[in-house]
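The structure appears right after this line, and notes come after that.
Values quoted throughout were computed directly from the atomic coordinates according to the rules given, and no laboratory measurement underlies them. In this text the structure is predicted, and so the values were computed from the model without any measurement. All Cβ positions, glycine included, derive from the backbone under ideal geometry; neighbour counts span all protein chains shown.
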Amino acid sequence: MTRPSISCAPGWRAEARRRLAPLLVAPLLVTLAAGALAAPLPEGEERAALRTFLERTINESDSFQDRYAAEVWLVDMAARLSPFVHDPARRLSLLRQVHAAATQSGLG
């Protein structure tokens with residue numbers, strides 16, 4: 001006669017993951033929220049100048065498939081890069097070069 005297994009091994013990993021998931025996700029959400037709050041939004045003339053530069057950058061770029069894809073990618077990446085490159089014109093120029101190089105290499 002075989003004895004039944006008294007191990008709790010089959011479900012303990014799934015249970016541990018389920019319990020730890022909120023603890024792992026919470027710091028990520030706090031970090032993302034802090035980053036969003038830390039980057040001040042441009043106002044007035046700076047915002048208008050940034051918008052004009054963004055439109056010109058999108059129109060001059062030939063590595064994007066369409067205008068919408070260019071705008072979404074550039075705006076998203078510019079926000080991520082803003083803590084490191086403070087000048088908006090330099091940031092967008094750098095991003096345009098990065099995207100063109102990635103597209104040329106077949107990464108995009």
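Summary of computed values
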{"item": "For 103, 52, order by how many other beta-carbon atoms lie within 10 Å, fewest first", "result": "52, 103"}
{"item": "Neighbour-count ranking [beta-carbon atoms within 10 angstrom, fewest first] of 53, 84", "result": "84, 53"}
